[in-house]
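Rule-based calculations on the coordinates, nothing more; no lab input. None of these values were measured; they are calculated from a predicted model.
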Amino acid sequence: MNFQDIVDSNKEQIELVNNLKEIRSYIGNALVRCNEINNNLFVACCSAATNQINAACSNLRNQYTMLRETLIAIDGYELKDTINKIKALYNNEIIDLLLNTIEFDYKEIIRIRRIFNNDADKSNNYSQCFKILSDMIVKIDTLETLFSYTSIINKDLCKGIKDAPLRIRSNTENITQESFKSIIHPIQIMYTQLCMILNVDEKVEPIEIVRVESGTWNFNINLNSDIGKIILGILSKFHEFFVRNFTRQGRKINIAESLDITSTELNIIKIMEEVGIDTSSLKPIAKETAAIIFKQANVFLSANPDVKVNEKVLSRSEDTKKLLNTPMYIEESSVKKQEDKSNDN
């Protein structure tokens with residue numbers, strides 16, 4: 001595990017904390033009701049006129065009823081489900097303590113809500129209800145701060161760039177100097193060629209490695225965001241084609257040298273259009289430089305058969321296993337064996 005694993009896990013936790021924040025809004029509504037009750041208690045205590053006191057007491061009864069309804073609106077099932085999901089993602093004593101106390105606080109809210117039946121019960125439990133609601137909000141805010149802190153550290157480590165347009169994680173073990181070059185060098189060449197095609201000034205928007213992390217090698221690369229998407233598209237299409245054309249003999253297909261494959265399976269113009277690029281004036285130069293780009297994609301994926309680019313996992317071993325287990329491939333394999341047997345006879 002490296003720090004990026006914590007960051008990725010943290011993103012899921014932040015989404016769950018956002019669920020808690022929705023629940024927090026209902027808790028906030030309940031606190032608004034509590035403040036209204038406070039105001040009416042003040043009026044009732046400070047008023048000398050009987051009619052003002054009676055009016056304040058009547059308002060209090062209505063506001064206690066509204067408070068109870070607001071407490072009912074807090075979704076206990078969603079709260080418990082979200083708490084369990086956060087615990088499953090990340091085992092941390094401090095976070096577990098906060099989550100456990102939030103869950104306990106909610107159970108107390110249920111208990112208080114159920115005994116809001118008469119004026120005496122309401123007045124006796126009101127202050128405790130107010131305190132529990134306030135504590136729950138503080139704890140949810142604390143959780144949000146804790147999870148946000150990881151994102152803040154990650155941004156500082158990445159030179160202030162929160163989400164680099166291109167993030168490469170190679171799971172290849174024992175990376176040498178040569179294999180290290182095979183990760184960075186092909187991406188640099190692809191970027192240079194794509195800058196030329198799209199008329200992007202590489203001096204103004206240079207490729208920049210903002211962070212390298214060991215463990216399983218992780219690279220956060222800052223570059224033109226559209227080109228980053230195109231590089232991801234090229235690598236994805238190249239990988240998918242390799243897997244589809246996997247043969248039992250284990251032959252490698254040199255995609256970069258096949259004009260037919262380049263024009264059909266790896267259509268760089270189509271990849272650009274999928275990103276949203278207007279290619280009307282780019283087709284001639286794109287076709288001229290496509291072979292160079294695909295060759296570098298071949299170099300990159302050959303050196304990194306198990307790699308993750310942004311959120312896309314490109315694993316030849318896993319995807320090939322899936323292919324070998326598909327009914328179509330098994331059927332083709334059986335037919336091939338029968339053909340080979342017939343030829344031998």
Taking amide H positions as placed in the peptide plane 1.01 Å from N, state which residues far from Arg211 in sequence (5 or more) or on other chains have amide H under 5 Å from it. Asn220
Show me, for the range 230-243, the HN-Hα J-couplings you get by feeding each phi into the Karplus relation (A = 6.51, B = -1.76, C = 1.60, θ = phi - 60°), rounded to Hz, glycine and proline as x. 5, 4, 4, x, 5, 5, 5, 5, 4, 4, 4, 5, 4, 5
Residues with amide H under 5 Å of Leu314's amide H, sequence separation 5 or more or different chain, H placed in the peptide plane at 1.01 Å from N; which? Val307, Lys308, Val309
Residue-ordered couplings for the range 197-207, obtained by feeding phi - 60° into the Karplus form 6.51 cos²θ - 1.76 cosθ + 1.60 and rounding to whole Hz (Gly and Pro as x), are 5, 8, 6, 9, 6, 5, 6, 7, 10, x, 6
Got a sec to turn the phi values of the range 279-295 into Karplus ³J(HN,Hα) couplings, 6.51 cos²θ - 1.76 cosθ + 1.60 with θ = phi - 60°, whole Hz, x for Gly and Pro? 9, 4, 9, 9, 4, x, 6, 5, 5, 5, 9, 4, 4, 5, 5, 5, 4
